[in-house]
Amino acid sequence: MLSLNRIPVREQNPDLRKHNFEEVCFGYNEEEAVKEAARCLNCKKPMCVSGCPVSIDIPRFIKHVKNSEFEKAAQVIAESSSLPGVCGRVCPQESQCEGKCILGKKGEAVAIGKLERFVADWSREHNIDLSKKSPFNGKTVAVIGSGPSGLSCAGDLAKMGYGVTVYEDLHEIGGVLVYGIPEFRLPKEKVVKPEIDNLKKLGVKIETNIIIGKTITVDDLFDKEGFSAIFIGSGAGSPRFMNITGENLNGVFSANEFLTRVNLMKAYKKEYDTPVHVGKKVAVIGGGNVAIDAARTAIRLGSEAFLVYRRSKDELPARAEEVHHAEEEGLNFRLLSNPIEIISDDKFWVKGLKCLKMELGEPDESGRRRPVPIKDSEFIIDVDSVIISIGTSPNPLITSSTKGLEKNSKGCIVTDGEDGRTSRKGIFAGGDAVTGAATVILAMSAGRKAAKAIDEYIQNN
Amino acid sequence: MYKILTKKNIAPETFYMEIEAPKVAKSAKPGHFIMVKADEQAERIPLTVCDVDTKKGSVTIIFKAVGASTELLAGFDEGDSYLDFAGPLGNETELLSEDLEDLKTKKIMFIAGGIGAAPVHPQIKWLYENGIKPDVILGARSKDNLILLSEIEKMADNFYTVTDDGSYGRKALVTEVLEDLIVKEKKHYDLVITIGPLLMMKFVCLVTKKHDVKTIVSLNTLMVCGMGMCGACRATINNETKFTCVDGPEFDGHQVDFDEILNRQSIYKDEEKEKLYQFAHSEQEFKNRRK
Ligand SMILES: Cc1cc2nc3c(=O)[nH]c(=O)nc-3n(C[C@H](O)[C@H](O)[C@H](O)COP(=O)(O)OP(=O)(O)OC[C@H]3O[C@@H](n4cnc5c(N)ncnc54)[C@H](O)[C@@H]3O)c2cc1C
Ligand code: FES
């Protein structure tokens, strides 16, 4: 008889984990993975695959797990994904593969994400080499940005035989994977670094501390460095603010600043110099993954955290698992609340966050019900720090320094169709730089599609 | 790794370092800054590019060891290397985009305080190389703290020095000299460029505002990334929030909310004290990191 319930995954106890930065979820062991894999019905028309942005052959890899053929499972995933250890941990599976799983209609969907993660971790721990390298074909490609889009584009091109150089403006490689997503959700040394090292094994050169548009321009990459094509995967890293009174008070931070201090600069470790300030009580404004990550980081640094979101719980864009984990860790939700002012004490520090109560009205263009303010409903949340997490936009450094590279009103690079072609010949783009802040898997998929298109472009020119 | 080619102790706690960074040297212009991170555990610190040598592929920085992180930088010696050195960042100085012939008809005054002499130096040098000699007021706490004195003096038209203790030049504030030049000597200036401590820039702007002289300041706010992705550096300019790292660091001084920046400088005061304390109490650990 088929179980309607998943094999539960082991996790760190919430009371313990809210005081440390170790990974929350332990993942499946071999036995648990095999058992969970056995729940898969191996559907003739697998809906899960249609829900996966990179169309991993899910039933096939799960079948291998069921038969304890873990290396074969890893090979199946590697056909479509270069960052399985990352995606198994951070993809919004509930709205992608698992959301389409037939089992989900009556009970719980197959834990596809957890199985993907298991396979990736197993293959890393067993040093499985999945890289198939071709000899150097004499052409070079520059990749700007070392986030998921840039890394996957670089990996695919290197496999085809191109000489690839990745330019990264920060001092670490990985984009949001290292500066944004916290250690307790995505371990850096254990998961991110090995997936990057796999790329290096393919011969990809990576140069950090190079700001394209400043240190070298895009045109110089063609004219002086002789690259045949360029992929721009520079992300959407510029934080937006709300333009409300008090936003520049001491104790107000963008989520990017807060998370960069903690993750990239490792401020949570005593032996690192970069300071981080989080008060006794912090309000995090927003409802996405970034907001939840910031709130859970603040909790780990000893703060009482409040999530202030203007819609209701059903509309929270963050991954369901993260919302659940955050609740377990004691995050306070202040839903249907819209901040209108940050209140100052007499020393220019935050003293409170003034909000309006909201109710849900008609659906807006995004299909979600629009929040509308309730009259005379002002109230104050008593906090001494505020973290603003209402979204990010692409950094203008590249578009403003590259003539003829078309961008839209939001600052996103405009591409023609799916393959990432931009308005400039030989320049391709993908990931958050094109779509605005989105997901790891979409960025990875864009990078891989662009790699294909770059190959075609170079062959035909 | 970015090798230290030259290290000089040019004033009390003040260091001149020439760093091997050919790619930065190639593209740096007056007004640009870099972000340096000494070692794995260090902070990223913004420092102005003071000079470049494209032949040697080197960039000169000058800084005062006033906090834990600058002390760490100062602990490195010739032949050692910093782990990370990224740039050039920020916008080049506005002067560079102006019409040279037009600039030649203008009277320009530079006012630098303390370590501020370092960032004005490349701008004065650029003007000088283009046949323009500006007036300069150089101020510092005492004679020892006046840096780049002879270098700047030879490129200046009229050159004034002040010290707080009167150990060199006039015993006065830079603003007093400026006020005297404008009011008593009836000098006319088309443009004032001032770089130095925030309070000094604030007061220079009050004087120039009164006399209606356009004034450019260079803001040294707190920074983490230096390239527009964190917002740690934000400041209010003309009632609008700007990121000084990408929108500046130069701004029209009359539009800057100096008090806000002064407040924001103190956000990490307690954490900074803690770090200095730690350094002081584990001298060995600090020494180990200097290499
Ligand atoms: C806190 C946080 C949590 C998230 N959680 C999730 C999650 O759970 N699941 C999920 O799917 N997605 C999540 N996301 C979103 C996801 O991380 C991004 O969509 C994804 O990383 C985008 O990849 P990218 O390659 O387009 O850009 P990025 O990862 O942003 O990488 C771009 C890189 O380019 C560099 N760069 C920018 N400009 C230049 C330049 N001029 N020169 C050189 N280098 C440059 C940047 O420094 C950066 O390293 C989260 C994002 C954040 C911030
Ligand atoms: S220092 Fe990060 S945005 Fe300016």
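Would you call B:Ser167 more than 14 Å from chain A (Cβ to nearest Cβ), assigned to a loop (DSSP other than H, G, I, E, B) and more than 16 Å from ligand 2 (Cβ to nearest atom)? When the stated conditions are applied, B:Ser167 passes them.
Just one residue in the set A:Asp197, A:Asp156, A:Asp219 is farther than 28 Å from A:Ala283 by Cα and within 14 Å of chain B (Cβ to nearest Cβ); that residue is A:Asp219. The set of residues in region B:213-243 being of a type in the set (Val, Ile, Thr) and either in a strand (DSSP E or B) or away from ligand 1 (no atom under 16 Å from the Cβ) (or both) consists of B:Val213, B:Thr215, B:Ile216, B:Val217, B:Thr221, B:Thr236, B:Ile237, B:Thr241. Taken as a whole, region B:42-52 holds at least one residue that is among the basic types (Lys, Arg) and either within 14 Å of chain A (Cβ to nearest Cβ) or over 17 Å from the mean Cα position of the chain (by Cα) (or both). Of all the criteria given as (1) surrounded by 24 or more Cβ atoms within 10 Å (Cβ to Cβ); (2) more than 16 Å from ligand 1 (Cβ to nearest atom); (3) under 24 Å from A:Gly430 (Cβ atoms), the one not satisfied by A:Leu177 is (2). Mind checking whether some residue in region B:201-211 is closer than 15 Å to B:Thr48 by Cβ, crowded, with 18+ Cβ neighbours inside 10 Å, within 18 Å of the chain's Cα centre (by Cα) and within 11 Å of ligand 2 (Cβ to nearest atom)? No - not one qualifying residue is present in region B:201-211.
Restricting attention to region A:261-285, the residues that are away from chain B (no Cβ under 14 Å) and under 20 Å from the mean Cα position of the chain (by Cα) add up to 1.
There is at least one residue in region A:112-129 that is free of Cβ contacts under 8 Å to residues at least 12 places away in the same chain and at positive phi. Among the residues of region A:144-172, write down those that are part of a loop (DSSP other than H, G, I, E, B) and either surrounded by 22 or more Cβ atoms within 10 Å (Cβ to Cβ) or of a type in the set (S, T, N, Q) (or both). A:Gly145, A:Ser146, A:Gly147, A:Tyr162, A:Glu168, A:Asp169, A:Leu170, listed by residue number. A single member of A:Pro84, A:Pro46, A:Pro92, A:Pro53 is more than 27 Å from A:Leu316 (Cα to Cα), of a type outside the set (S, T, N, Q) and surrounded by 15 or more Cβ atoms within 10 Å (Cβ to Cβ), and it is A:Pro46.
A:Gln96 - would you say it is within 16 Å of ligand 1 (Cβ to nearest atom) and either within 18 Å of A:Ala446 (Cα to Cα) or touching a helix residue (DSSP H, G or I) at 6+ places or on another chain (Cβ under 9 Å) (or both)? Yes.
Do you know which residues across region A:269-296 are within 18 Å of A:Leu177 (Cα to Cα) and more than 9 Å from ligand 1 (Cβ to nearest atom)? Residues satisfying the conditions are A:Ala295, A:Arg296. Criterion applied to A:Ser389, A:Ser385 was being within 14 Å of chain B (Cβ to nearest Cβ), surrounded by 15 or more Cβ atoms within 10 Å (Cβ to Cβ) and either within 16 Å of ligand 1 (Cβ to nearest atom) or closer than 26 Å to A:Cys97 by Cα (or both), and the one residue passing it is A:Ser389. Of all residues in region A:412-427, those satisfying the criterion of being on the phi > 0 side of the Ramachandran plot and in contact (Cβ under 8 Å) with a residue 60 or more places away in the chain are A:Gly420, A:Gly426. Is it the case that A:Glu183 is acidic (Asp, Glu), assigned to a loop (DSSP other than H, G, I, E, B), within 16 Å of ligand 2 (Cβ to nearest atom) and in contact with a helix residue (DSSP H, G or I) (Cβ under 8 Å, 6 or more places away or on another chain)? Spelling it out, it is not the case that A:Glu183 is acidic (Asp, Glu), assigned to a loop (DSSP other than H, G, I, E, B), within 16 Å of ligand 2 (Cβ to nearest atom) and in contact with a helix residue (DSSP H, G or I) (Cβ under 8 Å, 6 or more places away or on another chain).
Can you list the strands (runs of 3 or more DSSP E) lying wholly within region A:200-316 that have 1 or more residues being basic (Lys, Arg)?
Where strands (runs of 3 or more DSSP E) fall fully within region A:200-316 and carry at least 1 residues being basic (Lys, Arg), they are A:205-207, A:281-285.
Take A:Glu183 and tell me if it is surrounded by fewer than 19 Cβ atoms within 10 Å (Cβ to Cβ) and acidic (Asp, Glu). In short, no.
Which residue, of B:Phe76, B:Phe85, B:Phe63, is within 14 Å of chain A (Cβ to nearest Cβ) and of a type outside the set (D, E, K, R)? Within the list B:Phe76, B:Phe85, B:Phe63, the selection yields B:Phe85. When each of B:Phe279, B:Phe251, B:Phe243 is tested for being modelled with pLDDT of 90 or more and within 11 Å of chain A (Cβ to nearest Cβ), the lone residue that passes is B:Phe243. Entry remark, region A:210-268: residues being within 19 Å of A:Ile454 (Cα to Cα), out of contact with any Pro (no Cβ under 9 Å at 6 or more places or on another chain) and touching a residue at least 60 places away in the same chain (Cβ under 8 Å) number 12 in total. Could you count how many residues in region B:96-110 are crowded, with 20+ Cβ neighbours inside 10 Å and either over 30 Å from B:Ile4 (Cα atoms) or within 14 Å of chain A (Cβ to nearest Cβ) (or both)? So the answer is 2. Mind telling me which of the residues A:Phe258, A:Phe184, A:Phe241, A:Phe253 ends up being more than 10 Å from chain B (Cβ to nearest Cβ) and either within 25 Å of B:Asp270 (Cβ to Cβ) or within 16 Å of ligand 1 (Cβ to nearest atom) (or both)? Residue meeting the stated conditions: A:Phe184.
For (1) touching a residue at least 40 places away in the same chain (Cβ under 8 Å); (2) under 29 Å from A:His19 (Cβ atoms); (3) within 14 Å of chain B (Cβ to nearest Cβ), each residue gets a yes or a no:
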{"position": "A:Glu315", "(1), (2), (3)": "yes, no, no"}
{"position": "A:His325", "(1), (2), (3)": "yes, yes, no"}
{"position": "A:Leu331", "(1), (2), (3)": "no, yes, no"}
{"position": "A:Ser344", "(1), (2), (3)": "yes, no, yes"}
{"position": "A:Ser377", "(1), (2), (3)": "no, no, no"}
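Taken over region A:395-423, the criterion of being assigned to a loop (DSSP other than H, G, I, E, B), within 14 Å of chain B (Cβ to nearest Cβ) and in contact with a Ser or Thr (Cβ under 7 Å, 6 or more places away or on another chain) is satisfied by A:Asn395, A:Gly411. No other residue among A:Glu195, A:Glu172 is within 16 Å of ligand 2 (Cβ to nearest atom) and in contact with a helix residue (DSSP H, G or I) (Cβ under 7 Å, 6 or more places away or on another chain) apart from A:Glu172.
Checking each residue in region B:184-194 for being touching a helix residue (DSSP H, G or I) at 6+ places or on another chain (Cβ under 6 Å) and modelled with pLDDT of 95 or more picks out B:Val192, B:Thr194.
The values are calculated or read from the model by the stated rules, or taken from the named source; none is laboratory data. Owing to the predicted nature of the structure, the values given are computational and were not obtained by experimental measurement. No Cβ is skipped: glycine too gets one built from the backbone with ideal geometry, and neighbour counts run over all protein chains shown.
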